[in-house]
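Asker: Supplied in structure tokens, the structure appears directly below.
The values are calculated or read from the model by the stated rules, or taken from the named source; none is laboratory data. Quick caveat: nothing in here was measured; it's all calculated off a predicted structure. Heads up, the Cβs are rebuilt from the backbone with ideal geometry, glycines too, and the neighbour counts pull from every protein chain shown. What goes into the accessible areas is simple: the full protein's heavy atoms, side chains included, and nothing from ligands, DNA or RNA. Shrake-Rupley method; radii C 1.70, N 1.55, O 1.52, S 1.80 Å.
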Amino acid sequence: MSFNWISFVIQVVAFGILYLLLSKFAFGPLFGIMEKRRQLVKDQIDGAEKSRTDAERYLEEQKQALQQARKEAYDIIELAKSTGSKQADDIVEAARSEANRLKDEAVREIESEKNKAIASVKAQVSGLSVLIASKIIEKQVDEKAQSELVDKYLQEVGTKS
Amino acid sequence: MEHLAPIVLIGGEKLDLAALFMIVLTSIVAFVLARLAIRNLSVENPGKLQNFMEWVVEFVSNIIGMATDFKRGKVYLSLGLTLIMYIFIGNMLGLPFNIITEAHHGHATFLGMELFMDGEEEAHFAWWKSPTADAAVTMALALTVIVISHIQGFRHNRKHYLKHYFQPWPFFFPINLIETIAKPLTLGLRLFGNIYAGEVMIGVIMGMGFVGIPALLIWQGFSIFVGAIQAFVFTMLTMVYIGQASIHEEDH
């Protein structure tokens with residue numbers, strides 16, 4: 001086995017050419033594709049991570065919104081309850097005061113009617129008594145008896161003085 | 001009998017046609033395979049060959065990652081891929097068969113060129129072999145990567161590159177020099193020895209005739225294993241040497 005320098009040189013040159021050709025026409029594009037795939041996988045992982053965090057955030061937001069809505073509904077119910085009871089109280093109060101007012105008015109009216117009635121009775125009584133008295137007097141007092149009465153009184157006056 | 005390499009004399013130099021032929025063929029197969037793999041490149045739906053090629057890329061990336069720091073060794077990915085593909089395909093090509101031509105009457109020609117027959121009357125020329133079963137070829141590969149490692153070390157890591165010849169003490173310089181020379185030798189000759197021995201062994205088993213068929217099967221299977229391992233080892237050591245020379249690690 002002899003060492004063949006021509007083969008040596010041929011191999012060096014051939015290897016150089018093969019290296020250049022492979023680098024340029026085979027490995028370059030292949031590395032590019034592999035790099036692209038690495039990028040793609042990285043992007044997809046990033047995207048998945050982003051969607052996950054987004055989903056978590058949305059879930060949190062939804063939970064909070066639900067909590068908020070629940071709280072608002074509770075408040076509204078509470079408010080309605082208190083408003084209702086207050087209104088009921090108001091109505092009862094108003095009814096009570098109205099009733100009192102009506103009662104007082106009635107009492108006052110009764111009083112004034114009574115007074116009026118009494119006043120008219122009094123007036124009628126005095127009129128009637130005058131009438132009765134005049135009727136009695138008209139019947140009993142005549143001229144003779146009058147003059148007798150006057151005479152009697154004159155006589156008495158004369159004797160006593 | 002001994003198979004001769006088909007050699008023609010050009011201007012007094014011996015040109016090994018079989019080596020030339022196999023080097024070109026291996027390069028073409030490697031290139032065509034790579035081109036086929038990236039024919040329908042797709043990010044989301046890679047084909048089978050593309051998947052295989054990407055697996056090879058990952059494999060070489062891991063080798064670089066093991067040998068040095070992958071981020072800084074990334075630029076050598078193409079080199080490692082070319083090496084591992086070329087050596088593996090080269091190792092495999094020599095396994096399945098051989099093409100032998102016989103020459104009589106002391107001369108033979110190829111495309112009108114006289115084949116060098118070393119003065120023999122009869123000769124058998126072996127046209128098909130692994131390019132890596134030739135010491136000149138493996139040493140060419142080894143020296144190429146070692147030279148690259150020295151150049152890159154000198155360019156990117158000059159201070160430490162120059163200093164490492166004198167470590168741990170200046171009088172270690174001769175030993176470091178021997179190590180520097182031994183690196184390409186061991187790198188190239190390990191590959192050559194393994195593949196050449198495998199082919200010699202196949203030749204020996206072929207000589208056994210039909211009795212040798214089971215042994216041949218076993219040995220060819222083993223040779224596939226050895227070829228794969230040697231391609232891996234060569235690439236790995238290349239990355240280790242380049243890493244040692246050009247990438248200075250801070251924690252050293």
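Asker: Which distance in nm do the two modelled labels at A:Leu40 and A:Ala133 give, with both placed 7 Å along the Cα-to-Cβ direction?
Answerer: Each label point is offset 7 Å from its Cα along the Cβ direction, giving 13.7 nm.
Asker: Here is a follow-up. Between the range A:1-59 and the range A:84-154, what is the C-alpha centre distance in whole Å?
Answerer: The range A:1-59 and the range A:84-154 have Cα centres spaced 128 Å from each other.
Asker: In addition: For the Cα atoms of chain B, what angle does the longest principal axis make with the long axis of helix B:135-156, in degrees from 0 to 90, nearest 10?
Answerer: Long axis of B:135-156 versus the principal axis of chain B: about 20 degrees.
Asker: Taking every residue in B:38-51, how many Cβ atoms of other protein chains lie within 10 Å of its Cβ, on average?
Answerer: Mean partner shielding for this stretch: 3.
Asker: A further question follows. Ordering B:Asp16, B:Asp69, A:Asp151 by accessible area with a probe of 1.4 Å, largest first, what comes out?
Answerer: Per-residue accessible area, sorted high to low, gives A:Asp151, B:Asp69, B:Asp16.
Asker: Which of the peptides B:171-181, A:77-87, B:126-136 is most tightly packed, and how do the rest follow, going by the mean number of other Cβ atoms within 10 Å of each residue?
Answerer: With the highest mean Cβ count within 10 Å placed first, the list reads B:126-136, B:171-181, A:77-87.
Asker: Counting only the heavy atoms of the protein chains, how much of B:Ile28 is accessible to a 1.4 Å probe, in Å² to the nearest 10?
Answerer: 90 Å²
Asker: Normalised by the empirical 2.2 N^0.38 Å for globular proteins, what value does the Cα Rg of the range A:1-158 take?
Answerer: Values: Rg = 65.1 Å, N = 158, 2.2 N^0.38 = 15.1 Å.
Cα-based Rg divided by the globular estimate yields 4.32.
Asker: Does anyone have the angle between helix B:48-67 and the longest principal axis of chain B? Alpha-carbon axes, 0 to 90°, nearest 10?
Answerer: The answer is roughly 50 degrees.
Asker: With every protein chain left in place, what is the accessible area of B:Ile224 in Å² (1.4 Å probe, nearest 10)?
Answerer: Per-residue accessible area (B:Ile224): approximately 80 Å².
Asker: Given a Förster distance of 41 Å, report the FRET efficiency between A:Ser97 and A:Lys71 from their Cβ-Cβ distance, rounded to the nearest 0.05.
Answerer: Working: r = 38 Å, r/R0 = 0.94.
E(calc), rounded to 0.05, equals 0.60.
Asker: Could you state the number of Å between the C-alpha centres of the range B:124-141 and the range B:1-62?
Answerer: 14 Å
Asker: Further question on the same structure: Roll a 1.4 angstrom probe over the protein heavy atoms and tell me the percent of accessible area of the protein assembly as shown that is carbon or sulfur.
Answerer: Percent of accessible area from carbon and sulfur atoms in the protein assembly as shown: 65.
Asker: Still on this structure: Rank by packing, highest mean first: peptides B:86-92, A:112-118, with packing defined as the count of other Cβ atoms within 10 Å averaged across residues.
Answerer: Averaged packing, sorted descending, gives the order B:86-92, A:112-118.
Asker: Quick one: how many Å² of A:Lys71 are accessible to a 1.4 Å probe, rounded to 10?
Answerer: Its heavy atoms expose roughly 120 Å² to the probe.
Asker: What's the local net charge at A:Leu66, with K and R +1, D and E -1, over the other residues with C-beta under 14 Å away?
Answerer: 0
Asker: Continuing with this model, one more query. Find which of B:Leu4, B:Met208, B:Leu83 sits farthest along the positive direction of the dipole of chain B, computed with +1 on the beta-carbon of Lys and Arg, -1 on that of Asp and Glu, about the Cα centre.
Answerer: B:Leu83
Asker: Same structure again: Chain pair B, A: how much accessible area is buried, both chains summed, with a 1.4 Å probe, in Å² to 100?
Answerer: 3200 Å²
Asker: With a probe of 1.4 Å, find how much accessible area the range A:28-80 has per residue, and write the answer as a whole number in Å².
Answerer: 84 Å²
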